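A.B. asks: A single structure is presented below for examination.
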Amino acid sequence: MEVDNPERALALSYADRGREALASLLALDDALAKLLRTTSEPALGQMRLAWWRESLERLDTAPAPAEPVLRAVAAEVLPLGVTGASLVPVVHGWEVLVEEEHLDADALRRFGEGRGHLFHAAGKALGSVDDPLAQAGRGWALADLAGNLSAPAEAAEARAQAAPLLAMATSARWSRPARALGAMAHLARMDLALPAGSAPPIGAPARVGRLLWHRLTGR
């Protein structure tokens with residue numbers, strides 16, 4: 001999702017205690033996505049991702065470098081009990097896209113598990129209580145990727161893996177602290193329900209209404 005997406009802003013508004021932490025974690029994901037979009041050489045991509053891995057790990061023992069996303073993570077996320085090292089799997093997830101020339105079912109599974117770890121960190125920061133973070137995170141990651149893959153077979157596999165995960169995540173009743181993450185899972189499922197290649201109708205009344213119902217009920 002884009003940083004200025006109004007649906008993301010609405011989902012973020014559902015967070016209370018950890019709203020800035022969630023925004024910082026999503027900014028980290030955005031930075032890693034941008035890195036891949038702007039890097040054409042796999043070797044260079046791996047080097048840049050290695051810098052992010054090492055920098056996240058060092059946040060646990062040293063001040064953040066002069067990088068705005070990392071400074072925000074240090075200021076907003078770490079004080080809520082999330083370690084820099086625990087965010088490294090997110091980088092590993094994005095690395096799959098650099099390491100693999102073709103994204104088969106196993107590669108997509110590894111991508112989803114790695115990038116989806118963002119929801120584990122966010123859940124801890126928000127005070128999640130028994131929410132389906134693993135399924136929501138993996139489904140969200142794969143559904144978002146599916147909308148950005150040019151190879152039809154890869155996109156279809158990503159959608160196929162995301163669908164049951166998001167169905168499980170959105171069938172649960174989410175705890176109040178984590179409803180921002182539940183809203184993101186609902187958005188991903190609505191995106192997945194569209195025909196392949198369709199642009200989500202961001203801000204459509206039915207979508208906004210679904211998010212408001214989730215905020216009220218957790219469903």
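The values are calculated or read from the model by the stated rules, or taken from the named source; none is laboratory data. In this text the structure is predicted, and so the values were computed from the model without any measurement. Counting neighbours? That spans all protein chains shown, and the Cβs are built from the backbone with ideal geometry, glycine included.
A.B. asks: Taking helices (runs of 4 or more DSSP H) that fall entirely within segment 1-120, which contain at least 2 residues that are under 20 Å from Pro132 (Cβ atoms), at pLDDT 95 or above and in contact with a His (Cβ under 6 Å, 6 or more places away or on another chain)?
C.D. replies: Fully inside segment 1-120 and qualifying: 88-99.
A.B. asks: For segment 175-199: of the residues being without any contact (Cβ under 8 Å) to a residue 60 or more places away in the chain and in contact with a Lys or Arg (Cβ under 8 Å, 6 or more places away or on another chain), which is nearest to Gly112 (Cα to Cα)?
C.D. replies: Of everything passing the filter in segment 175-199, Leu192 is nearest to Gly112 (Cα to Cα).
A.B. asks: Do we find that Asp130 is among the acidic types (Asp, Glu) and either under 26 Å from Trp51 (Cβ atoms) or not in a helix (DSSP H, G or I) (or both) in this structure?
C.D. replies: yes
For (1) at negative phi; (2) under 15 Å from the mean Cα position of the chain (by Cα); (3) of a type in the set (A, V, I, L, M, F, W, C), each residue gets a yes or a no:
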{"position": "Pro68", "(1), (2), (3)": "yes, no, no"}
{"position": "Arg71", "(1), (2), (3)": "yes, no, no"}
{"position": "Glu100", "(1), (2), (3)": "yes, no, no"}
{"position": "Leu103", "(1), (2), (3)": "yes, no, yes"}
{"position": "Ala107", "(1), (2), (3)": "yes, no, yes"}
{"position": "Arg110", "(1), (2), (3)": "yes, yes, no"}
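A.B. asks: Give me the pairs: first residue in segment 40-52 and within 18 Å of Arg115 (Cβ to Cβ), second residue outside any helix (DSSP H, G or I), beta-carbon distance under 6 Å, and six or more apart or on different chains, which are they?
C.D. replies: Gly45/Thr39
A.B. asks: Just checking, how many residues over segment 147-166 are in contact with a helix residue (DSSP H, G or I) (Cβ under 7 Å, 6 or more places away or on another chain) and either surrounded by fewer than 22 Cβ atoms within 10 Å (Cβ to Cβ) or over 22 Å from Arg8 (Cβ atoms) (or both)?
C.D. replies: The number of residues fulfilling the criteria is 7.
A.B. asks: If you don't mind, there's one more thing I want to ask. How many residues does segment 103-134 contain that are acidic (Asp, Glu) and either without any contact (Cβ under 8 Å) to a residue 40 or more places away in the chain or closer than 17 Å to Ala21 by Cβ (or both)?
C.D. replies: So the count comes out to 3.
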